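Undergrad: I have a structure here, written as structure tokens, and I will follow up with some questions on it.
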Amino acid sequence: MPRLIDRLGPAEDIWTVLGAEDPLPSSGSVIVALERLDEALAAGLELGVHLPNDTDPERVKPHFDRLSLISVDFPSFTDGRGFSIGHCLRALGYEGRLRATGPVISDQFDFLLACGFDEVLLPDSVAERQPPEHWAAAEGRITLGYQRGLAGRGSILDARRTAGDG
């Protein structure tokens, strides 16, 4: 079952996630924990960093130009702090790949895209329950929100003003 989903559907994951004790390779695309970021920056690799969902996005802003990917932890589908971190990273100017990692559900895909996420890496349990068709059907399902999204979606207030009701 595909575990990495982007707006085009299942995607190939070229990234290797390194554990706390794993040595840094001499080449390749690696994702490290925030605690290993300084060490990994010195290695000159294509670099990604994984952020816990309680991280202040300002901590990685000085490194945006060196980060090809930022992965944000979603420990459960009911914990929405990752949405805020993703939105803040984009508002701070991050232009690389933004990945949601964890048991989010396909119903949240449109919200993730609106917050600036590019892709979702799912645990096997979620990928088995929600095949790619669920994710494809979720994109574009929500056309208006209470806030303007980063994906260019208008708000309910915008629609009311356009219709002359507001």
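Undergrad: Taking the Cβ of each residue in His87, His63 as the centre, tally the other Cβ atoms inside 10 Å and list the residues starting with the fewest.
TA: Listing His87, His63 from fewest to most nearby Cβ atoms yields His63, His87.
Undergrad: Rounded to the nearest Å, what's the spacing between the alpha carbon centres of region 23-85 and region 95-115? Just the number, please.
TA: So the separation of the two Cα centres works out to 15 Å.
Undergrad: Among DSSP beta bridges whose residues both lie in the chain, state the antiparallel percentage, nearest 5.
TA: Once the DSSP bridges in the chain are tallied, antiparallel ones form about 20 percent.
Undergrad: Right, next: Could you list the GluC sites (Glu not before Pro) in region 1-102 that lie in coil according to DSSP, counting only those with at most 13 other Cβ atoms within 10 Å of their Cβ?
TA: Glu12, Glu21, Glu95
Undergrad: Could you work out the helix-only [θ] at 222 nm for the chain, with each DSSP H run of four or more residues adding -39,500 (n - 2.57) and the total divided by the number of residues, to the nearest 500 deg cm²/dmol?
TA: Computed mean residue ellipticity for the chain: -6500 deg cm²/dmol.
Undergrad: Between Arg81 and Glu12, take the C-beta separation as r, use R0 = 22 Å, and let me know the FRET efficiency to the nearest 0.05.
TA: According to the calculation, E is roughly 0.20.
Undergrad: While we're here: In 5 Å bins starting at 0, how do the alpha-carbon pair distances of region 11-104 split up by percent?
TA: Going out from 0 Å in 5 Å bins, region 11-104 shows 2, 14, 27, 24, 20, 10, 2, 0 percent.
Undergrad: List, in order, the whole-Hz ³J(HN,Hα) value for each residue of region 70-77 obtained from phi through the Karplus relation with A = 6.51, B = -1.76, C = 1.60 and θ = phi - 60°; use x for Gly and Pro.
TA: 10, 9, 10, 6, 10, x, 7, 5
Undergrad: Between Phe109, Phe77, Phe117, find the one with the highest GNM mean-square fluctuation for the chain; connect C-alpha pairs within less than 10 Å.
TA: Phe77
Undergrad: Separate question: Specify the angular offset, from 0 to 90 degrees and rounded to the nearest 10, of the alpha carbon long axis of helix 81-91 from the longest principal axis of the alpha carbons in the chain.
TA: 90 degrees
Undergrad: Continuing with the same structure: Roughly how many debye, to the nearest 20, is the charge dipole of the chain about its Cα centre, given +1 on each Lys and Arg Cβ, -1 on each Asp and Glu Cβ, and no other charges?
TA: Rounded to the nearest 20 debye, it is 680 debye.
Read-outs throughout are calculated quantities, based only on the coordinates presented, and are distinct from any laboratory measurement. In this text the structure is predicted, and so the values were computed from the model without any measurement. Note: ideal-geometry Cβ built from the backbone for every residue, glycine included; neighbour counts use all protein chains shown.
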